[in-house]
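The values are calculated or read from the model by the stated rules, or taken from the named source; none is laboratory data. In this text, all values refer to a predicted model and were calculated from it rather than measured experimentally. Here the Cβ positions follow ideal geometry from the backbone for every residue, glycine too, while neighbour counts run over all protein chains shown. Surface accessibility is based on the protein's heavy atoms, side chains included, excluding ligands, DNA and RNA. Shrake-Rupley method; radii C 1.70, N 1.55, O 1.52, S 1.80 Å.
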Amino acid sequence: MAHPDRDRKRAGGGTGTLPAMIRVGVFGAGGRMGATVCDAVRGADGLELVAAVDPQRAGATVEGTDLTIAAEPGALVDADAEVVVDFTVLTAARENLRWCAAHDVHAVVGTTGFSADDLDEFAELFTHTRANALIAPNFAIGAVLMMRFAELAAPWFDTAEIIELHHDNKIDAPSGTAMATARRMTEASEEWGTDPTTTVVADGARGGLVGDAIRVHSVRMRGVIASQEVLLGTTGQTLAIRHDTFDRSSFMPGVLLGVRRIAELPDGLTLGLDPLLDR
Ligand code: NAD
């Protein structure tokens, strides 16, 4: 629902503010990330968990509360949620974002897998509502900084390779974070040394090439959650930038930052946590 005649977003538009106590709803509240978000919101100053939606867990209560998980997003309107966090599945998240735009509710989204067309659609949709959207494929602030540091280092080194390690249930490789890191580094520098390898004894030994310079090595290992190391080398020195995720709680400071700051973000869609880290 567009509101072209409104000259001010409900709480956004770059100068928006939310009340001292922000009313938060969670899509996917019964899932692994959603349940962790419910817990984090409950423990956060200035945030109140007012609604939880998850069709597969409808009727259950959010752990530690008497809040009933709803099947439908209408519960978010009934509870007057101002910001909604989404950790669901791609098909559901698309609909949830459209719902948030139509109901003027700010959306903080961690669900992964959106296409460029999806992002174009959401940018357009949220520009014409009173709400903002933040979609961040990685809410771990350390991982966001790792990418930024790697980008900063890129012009000062001749070679770089990325090793990413994930749990043994991850079916895609390389990780989105490794791909994004490699792309940012190749955009930051075009001058990279050539690969000296002329004989590959075991297939894949040199990893996968992203762009034409940076190789990514994907490790899949039981016991690991998510780690990444960016290795850079130049004459007489190397630099290793490493980030490790040990627990889903690692994503929560980034999610809470998004919830608290979303109203102040520029109109429409913000991609990634990066812009929120510059105070
Ligand atoms: P999960 O399967 O444990 O949880 C997903 C939940 O969404 C399920 O409980 C499901 O019932 C619920 N759901 C499905 N359709 C729904 C709908 N229409 N409305 C409300 N709820 C609905 O998955 P997970 O491990 O919690 O991960 C969720 C997403 O978060 C994935 O896309 C994952 O890649 C992503 N993720 C992102 C980050 C990040 O930092 N951005 C970190 C971890 C995971």
Translational diffusion of the chain, µm² s⁻¹ [Kirkwood Rh, Cα pairs; Stokes-Einstein; 10 °C; 1.306 mPa s]: 79
Selection from 186, 56, 113 lying farthest towards where the dipole of the chain points positive, charges on Cβ: 56
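Can you give the charge dipole size of segment 141-246 about its Cα centre, rounded to the nearest 20 debye, using +1 on the beta carbon of Lys and Arg and -1 on the beta carbon of Asp and Glu? Numbers along the way, then the final one.
Numbers: 9 positive and 14 negative charges, 72 e Å.
Magnitude of the dipole: close to 340 debye.
Taking R0 as 45 Å, what's the FRET efficiency between residue 202 and residue 264 from their Cβ-Cβ distance, rounded to 0.05?
Details: r = 51 Å, r/R0 = 1.14.
The computed FRET efficiency comes out at 0.30.
How much FRET efficiency would the formula 1/(1 + (r/R0)^6) give for residue 234 and residue 90, where r is the Cβ-Cβ distance and R0 is 41 Å, rounded to 0.05? Write out the running numbers ahead of the final one.
Numbers: r = 40 Å, r/R0 = 0.98.
Result of the calculation: an efficiency of 0.55.
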With every protein chain in place, the chain: carbon and sulfur % of accessible area (1.4 Å): 52
Model label zone, residue 148; criterion: amide N under 15 Å from point 7 Å along Cα-to-beta-carbon; scope segment 33-70: none
Percent antiparallel among DSSP beta bridges (both partners in the chain, rounded to 5): 45
Placed amide H near residue 52: partners under 5 Å, 5+ positions off or other chain: 26, 70
Selected from 143, 205, 160 as most flexible by GNM, with the chain as the system and alpha-carbon contacts under 10 Å: 205
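How much of the DSSP beta bridge set in segment 141-279 is antiparallel, as a percent to the nearest 5? Spell out each step's value before the answer.
On the way: 20 of 26 bridges.
Percentage antiparallel, nearest 5: 75.
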In order through segment 269-277: 3J(HN,Hα) via Karplus (6.51 cos²θ - 1.76 cosθ + 1.60), integer Hz, x for Gly, Pro: 10, 10, 10, x, 7, 2, x, 7, 7
All-pairs Cα distance distribution in segment 141-246, expressed in whole percent, bin size 10 Å: 15, 48, 31, 6
Per-residue HN-Hα couplings for segment 188-196 [Karplus 6.51, -1.76, 1.60; θ = phi - 60°; Hz; x = Gly/Pro]: 7, 8, 9, 9, 10, x, 8, 6, x
Solvent accessible area, Å² - residue 203, 1.4 Å probe, full protein context: 150
Among 219, 155, 238 - extreme Cα towards positive end, dipole of segment 139-275, charges at beta-carbon: 219
Cα centroid separation - segment 90-106 against segment 52-86, whole Å: 15
